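Let me begin by presenting the structure, written as structure tokens, before commenting on it.
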Amino acid sequence: MMEKPRPEPKPYPIREDEPVWQFNDIDASLTYSYSNYLNWLFDDRVELIKGKVFKMSPAPSRVHQEICGNIFVSMKTFIEKSPSKVYTAPFDVRFPKESKEDSAVFTVLQPDICVICDKSKLDDRGCIGAPDLVVEILSPGNNKKELLHKYRVYEEFGVKEYWVVSQSDQSILIYTLNDMGRFQPSKIFTSSEKITSSVLPGFELALDDVFKDLE
């Protein structure tokens, strides 16, 4: 039996003059663009993945913020005198395909940490195009989204390195983009080990420094 073709997603009409004040006013069955995203004035944090809305946690946990801060400070210190830039969430990263027009961008993510080496990708609203390095810190309840949906986006758009940091295991797994445009996983790094980055030659990060003082 032939599988029935899936219907094309219904595009959401662009209404520049109609802000949305409540998250519940969004119809999850529709497809949204960055133009729509800019009109969402509610407090809920959301991301767009291929036009679909994903609600983020209201606020990261204290442990999440400790880990994020430890990694960010190390990267920031290392690249201080280089042209690269490093940012922490909330920071919008737009992933355009055929066009960079707001109405044609359907994926907008807020990585926990991202490193951009090409400053032409930066504008007043964040980054447009794939960062060179992305760090996501997994929290209870968001593992599936980080490991599946975001993994596919980062691979498809050519993020060179994707770090997955586990709070519970106190470990880091690094995916590196190969010449075929596919992610290759590293070993899982744990306590007392150090990691390096192909995106930041010479950078070294000790996991004991990442997960210190988390009690």
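The values are calculated or read from the model by the stated rules, or taken from the named source; none is laboratory data. Just so we're clear, the structure is a prediction, and the values are computed from it rather than from any experiment. Here the Cβ positions follow ideal geometry from the backbone for every residue, glycine too, while neighbour counts run over all protein chains shown. We work out accessible area using only protein heavy atoms, side chains counted, and drop any ligands, DNA or RNA first. Shrake-Rupley method; radii C 1.70, N 1.55, O 1.52, S 1.80 Å.
Details
- Whole-percent pair-distance distribution, where bins are 5 Å wide, for the alpha carbons of the chain: 1, 6, 14, 18, 19, 16, 11, 7, 4, 2, 1, 0, 0
- Just checking the listed ones, Lys81, Lys150, Lys55: in the Gaussian network model of the chain with Cα springs under 10 Å, the one fluctuating most is Lys81.
- Result for the chain in a Gaussian network model with C-alpha springs under 10 Å: among Lys160, Lys50, Lys119, the largest mean-square fluctuation is at Lys119.
- Residue pairs, from the table Lys81/Lys160; Lys81/Lys119; Lys55/Lys85; Lys76/Lys119; Lys50/Lys97; Lys50/Lys100, whose Cα atoms sit over 19 Å apart: Lys81/Lys160; Lys55/Lys85
- Share, in percent, of DSSP beta bridges within the chain that are antiparallel, nearest 5: 75 percent
- Selected from Ser166, Ser120, Ser35 as most flexible by GNM, with the chain as the system and alpha-carbon contacts under 10 Å: Ser120
- Accessible area per residue for the stretch 68-215, computed on protein heavy atoms with a 1.4 Å probe, is 50 Å².
- Nearest-0.05 FRET efficiency for Asn24 and Gln184, computed from C-beta distance (R0 41 Å): 0.50
- Between helix 62-78 and the chain: long-axis angle, C-alpha atoms, 0 to 90°, nearest 10: 70 degrees
- Site pair Leu214 and Phe72 shows an inter-label distance of 1.7 nm when each label is modelled 7 Å from Cα along Cα→Cβ.
- Neighbours of Val199, meaning other residues whose beta-carbon lies under 11 angstrom from its beta-carbon, give a summed charge of -1 when Lys and Arg score +1 and Asp and Glu score -1.
- Cα centroid of the stretch 78-141 to Cα centroid of the stretch 16-46, whole Å: 20 Å
- A simple packing score, the average count of other Cβ atoms within 10 Å per residue, orders the peptides 18-28, 57-67 as 57-67, 18-28, with the highest score first.
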